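The values are calculated or read from the model by the stated rules, or taken from the named source; none is laboratory data. This one's a predicted model, so the numbers in the text were calculated from it and none came from an experiment. So basically every Cβ, Gly included, is an ideal-geometry build from the backbone, and we count neighbours across all protein chains shown.
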Amino acid sequence: MPAVIRKQTKFSLLQRFRAWSERILIEAAQDEVYNKYPQAGVKPLRRGAFRSFLRTGFKIGFRIVPAPIRNRMMRVMLVRKGQDWSPA
């Protein structure tokens, strides 16, 4: 049994946005791979018109933004607040 049990720190608003946008981009990539190689996989799940609109918007936006700016934005969104450690 561990001596100390810690809860995971909660994600900030930026981190939740990053996780959500990554999920949207992954779905867009899976859709593109299926369209290119339909015999090699399973058709991705359709989640509605609004979600497909967001997927298209994120895909276009992700490709338009230059790589250095995109990497800096992702680095900013990755930062998590530190855990409070107490001596045992």
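Tabulated data for the structure shown
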quantity: Single residue of segment 6-35 satisfying the filter (touching a residue at least 12 places away in the same chain (Cβ under 8 Å), assigned to a helix (DSSP H, G or I) and more than 12 Å from the chain's Cα centre (by Cα)) that is farthest from A49 (Cα to Cα); calculated: Q30
quantity: Failed condition for G61, given (1) outside any helix (DSSP H, G or I); (2) under 29 Å from R75 (Cβ atoms); calculated: (1)
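The rows are residues; the columns are (1) surrounded by 10 or more Cβ atoms within 10 Å (Cβ to Cβ); (2) on the phi < 0 side of the Ramachandran plot; (3) charged (D, E, K, R); (4) modelled with pLDDT of 80 or more.
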residue: R6; (1), (2), (3), (4): yes, yes, yes, no
residue: F11; (1), (2), (3), (4): yes, yes, no, no
residue: Q15; (1), (2), (3), (4): yes, yes, no, no
residue: R23; (1), (2), (3), (4): yes, yes, yes, yes
residue: I26; (1), (2), (3), (4): yes, yes, no, yes
residue: E32; (1), (2), (3), (4): yes, yes, yes, yes
residue: R47; (1), (2), (3), (4): yes, yes, yes, no
residue: I64; (1), (2), (3), (4): no, yes, no, yes
residue: R75; (1), (2), (3), (4): no, yes, yes, no
